[in-house]
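Have a look at the structure below, then the notes.
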Amino acid sequence: MLLPSFNFKHLLSLYKSKHPEESQLVNSFEEFLSSSPHVFERSHPPGHLTGSCMLLDPTHQSGLMTHHKKLLRWLQLGGHADSEQNLYEVCMNEALEESGIDNIEMLYLEILDLDCHRIPARELEPSHFHYDVRFLLQAPHTEFKISEESLELAWVSLGDKKWEQEASLKRLRNKTLIQLKNLND
């Protein structure tokens, strides 16, 4: 799929207009984005931007979750930008790398959700923040391959309690359901 150009500031502005209750969070993303030219790099000490997604099955009934090897939690697919400033590309690449599914499509070209969370210190890596930008994607089929980053992958019904184990996952699922309704109206 050929992706349109990525204008992060514009997408943040659109997100803020649709989610005024999250203005403070959007402001923190805008401030972080303008704080350093290195915010897309994993080596940036305070934190960095990441891209993740709700990857839906073709019927839009389930999302693919990973049992993350390092964090030992069930999460959505996603990962580090590693200097790539086009977070559409980051999100699509992470979905492919973590699932082995090719021909994934973006269902919604705006930001679906934003989340800022602290990553605990590990071995040689100090504690830092992930400024996670989340998008809505669709897989063309349900066959996947488990990557080295995951203990397990599973298609999880959007009604399943796994989506409610953390506030950010529940919010991601709820925004997905709203967006699916909007796309179908």
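Quick notes
- At most 13 other Cβ within 10 Å, DSSP loop - GluC sites (Glu not before Pro), the range 91-133: E123
- More than 26 angstrom apart: percent of Cα pairs within the chain: 26
- Figure legend: label point modelled 7 angstrom from the Cα of L14 along Cα→Cβ; residues of the range 97-140 with amide N under 11 Å from it are 108-112.
- Restriction of the trypsin sites (Lys or Arg not before Pro) in the range 44-126 to DSSP coil positions whose beta-carbon has at most 15 other beta-carbons within 10 angstrom yields K69, K70, R73.
- Once backbone amide H atoms are built at 1.01 Å from N, F129 has G47, H48, I119 as its partners under 5 Å, excluding neighbours fewer than 5 places away on the same chain.
- The range 46-87 and the range 103-158 have Cα centres separated by 1 Å.
- Ellipticity estimate at 222 nm from DSSP helix runs (n ≥ 4, -39,500 (n - 2.57)) divided over the chain, nearest 500: -9500 deg cm²/dmol
- Mean Cα-pair separation over length for the chain, i.e. relative contact order, pairs under 8 Å, 6 or more apart, %: 25
- Apportionment of accessible area to carbon and sulfur, the chain, percent (1.4 Å): 51
- Across the range 7-90, the mean sequence separation of Cα contacts (distance under 8 Å, 6 or more residues apart), normalised by length, yields a relative contact order of 24 percent.
The values are calculated or read from the model by the stated rules, or taken from the named source; none is laboratory data. Worth saying up front: this structure is predicted, and the values here are computed from it rather than measured. Backbone-built Cβ (ideal geometry, glycine too); neighbour counts: all protein chains shown. Side chains included, ligands, DNA and RNA excluded: accessible areas come from the protein's heavy atoms. Shrake-Rupley method; radii C 1.70, N 1.55, O 1.52, S 1.80 Å.
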